[in-house]
Amino acid sequence: MNMQQALKQHFGYESFREGQKEVVTSVLNGHHTLALLPTGTGKSLCYQLPGYMLKGSVLIVSPLLSLMQDQVEQLRVQGEKKAVALNSFLSPAERKNVLDSLENYRFIYISPEMLSNPYVIEKCSRLMISLFVIDEAHCISQWGYDFRTDYLKLGQIRKQLNNPVTLALTATATEQVREDIIRLLELDPVDEWVFSVDRPNIAIQVEELDHFEAKTEKLMNLVNSLKKPGIVYFTSKKMAEEMALLLKQQGIKADAYHGGMEQEQRLLIQQQFLYGQLDVICATSAFGMGINKGDIRFVIHFHLPQQMESYLQEIGRAGRDGKPSVAILLYSPGDDSLPLSMIENELPEEYQIEAYYLNPERSLEIGLTDVQERFLRFYQILSSHTAETVRQVKKIRSERIAYKIGKFKEVKAWLNSNSCRRKGILSYFNEKAPLRILNCCDQCGVNLDHYSANEGEDSEIPIESWEMTLRRLLLRK
DNA sequence: CGTATCCTGAATACTCAGGATACGGTGCCGTATT
């Protein structure tokens, strides 16, 4: 069966979307592949289709339990029964059952943490793996060095799994991050498929306000007037909750979503938003990965993102249906402080590094957070000499902090620039400037009235400029 | 670096100014061996 037939048979599609064919072909030819496809392109098809055409099982590393459950659920709906999520939702008995019969599954989803378990590696190494997939592969670079260090082990694990053909998928990765992914996974040689991250139907607006109160007031006005549904991003859980409450009091169907809430509650809010019972989600960065909602009309940032990648990923949740949408970033003096302090506080301080390695018996007294403790434990392996470990970990710490501050400074530079916002984002991802579009950004000119709830359903909001239309027509085959 | 909260001392006020302090995001996982 060829690709086209398989596509029709298993997914019911007649044709591929941009990028899918190239990625699938590369994988079927047995090449390690890194694919950067814009949000909403149907990345899962890139490994599911080969899964049907190749012999063996597809092993998919996924960052979130909810994502895995969703994917398995979706496969079941498509009629695929041989799919399983190997994670802590399984009881010990279920887990043993699955591990003892891995070859019966065509699609196996797993977390990097679970896949770091030696017993699990051993079981998987006996499996015929047709394809090893890293979904949301930017997590390797973004989380691997500190927050979820098991991501850094994937290169080693890949070898223990006998070097299976590997596909790394992401929607946001700069050239540097892509290099990082390839190096850490030890993919050599590799086919890279990089498609534009631009989303021309999303207008980009940045607005500076004099102080915090003005920013809050602006937010209220925007949420009241803009066409919904929409997402408002905050850096603080508390603020997300307070603003959700404030919006509710104004009669807006809003609610909060963050990592501190009960799993059940998070799921409920997500479902309500998905099915239109909620219009506005006030969320932290916990919200969004794997959210498949096409009609999100606005994404507002009430706090500054830590890096351009996060920003692009978050605004990319708007307008997946291709209809005009808007991304608005609000900031006021002093907004730098929160991201900067979070960067500084994430990793252990120098004295804590010393205390942890030099006086392990006293390490409980130095008040390490969960993340700090795991960071120190992970890098313990660096040297058999304690003093050397301390020296190296201090170095890793300061380099990592400097790197993250550098990333944040890029956000600031973008904010303070006087040129086209879209051009700024694209050049950050090494893309050339796009053709001039209408309703591009605050620098090029954008009329927010177009995005207001009062604007009629059928009103046309121009996106294409005449130059673009002309070029599109000329290029048509 | 800001905001929120709690405490203290002033002055004698059903308070208030100002200092000290804490806090701020993302998620996986049997720390026994099967």
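Scanning region A:367-379 for residues that are farther than 21 Å from A:D150 by Cβ and free of Cβ contacts under 8 Å to residues at least 60 places away in the same chain turns up at least one hit.
Taken over region A:121-147, the criterion of being within 21 Å of A:G51 (Cα to Cα) and over 21 Å from the mean Cα position of the chain (by Cα) is satisfied by A:I121, A:K123, A:C124, A:S125, A:R126, A:L127, A:M128, A:I129, A:S130, A:L131. For A:L438, state whether it is modelled with pLDDT of 90 or more, crowded, with 18+ Cβ neighbours inside 10 Å and closer than 30 Å to A:A327 by Cβ. Considered against the rule, which asks whether it is modelled with pLDDT of 90 or more, crowded, with 18+ Cβ neighbours inside 10 Å and closer than 30 Å to A:A327 by Cβ, A:L438 comes out as no. When the test is whether a residue is more than 15 Å from DNA strand B (Cβ to nearest atom) and outside any helix (DSSP H, G or I), A:F147 does not pass it.
So that you can scan it fast, the table gives a plain yes or no per residue for (1) surrounded by fewer than 21 Cβ atoms within 10 Å (Cβ to Cβ); (2) at positive phi; (3) free of Cβ contacts under 8 Å to residues at least 40 places away in the same chain; (4) of a type outside the set (D, E, K, R):
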residue	(1), (2), (3), (4)
A:R183	yes, no, yes, no
A:E186	yes, yes, yes, no
A:D191	yes, no, no, no
A:F195	yes, no, no, yes
A:I202	no, no, no, yes
A:F234	no, no, no, yes
A:E242	yes, no, yes, no
A:Q265	yes, no, yes, yes
A:F273	no, no, no, yes
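Among residues of region A:430-451 that are at negative phi, those with a Cβ under 8 angstrom from a residue that is at pLDDT below 90 and not in a loop (DSSP other than H, G, I, E, B), sequence gap 6+ or separate chain, pair up as A:L435/A:E467; A:L435/A:M468; A:L435/A:R471; A:R436/A:E467; A:R436/A:M468; A:I437/A:M468. So which residues in region A:306-341 are open to solvent by 30 Å² or more (accessible area, probe 1.4 Å), within 12 Å of DNA strand B (Cβ to nearest atom) and free of Cβ contacts under 8 Å to residues at least 40 places away in the same chain, if there are any at all? Within region A:306-341, A:S337, A:S341 qualify.
Flag: A:K55 does not match the condition of being open to solvent by 20 Å² or more (accessible area, probe 1.4 Å), outside any strand (DSSP E or B), farther than 25 Å from A:R199 by Cβ and in contact with an Asp or Glu (Cβ under 8 Å, 6 or more places away or on another chain). Of the residues making up region A:100-118, those that are closer than 24 Å to A:T170 by Cα, within 16 Å of DNA strand B (Cβ to nearest atom) and open to solvent by 30 Å² or more (accessible area, probe 1.4 Å) number 1.
The combined condition, being free of Cβ contacts under 8 Å to residues at least 60 places away in the same chain, open to solvent by less than 50 Å² (accessible area, probe 1.4 Å) and under 30 Å from A:T41 (Cα atoms), is not fulfilled by A:I121.
The lone criterion from (1) aliphatic (A, V, I, L, M); (2) away from DNA strand B (no atom under 14 Å from the Cβ); (3) free of Cβ contacts under 8 Å to residues at least 24 places away in the same chain left unmet by A:V223 is number (3). Within the option set A:L37, A:L75, being open to solvent by less than 10 Å² (accessible area, probe 1.4 Å) and over 28 Å from A:E179 (Cβ atoms) holds for one residue only, A:L75.
The values are calculated or read from the model by the stated rules, or taken from the named source; none is laboratory data. Keep in mind that this is a model prediction, so the values were computed, not measured. Neighbour counts run over all protein chains shown; Cβ positions are idealised from the backbone, glycine included. With ligands, DNA and RNA removed, areas are computed over all heavy atoms of the protein, side chains included. Shrake-Rupley method; radii C 1.70, N 1.55, O 1.52, S 1.80 Å.
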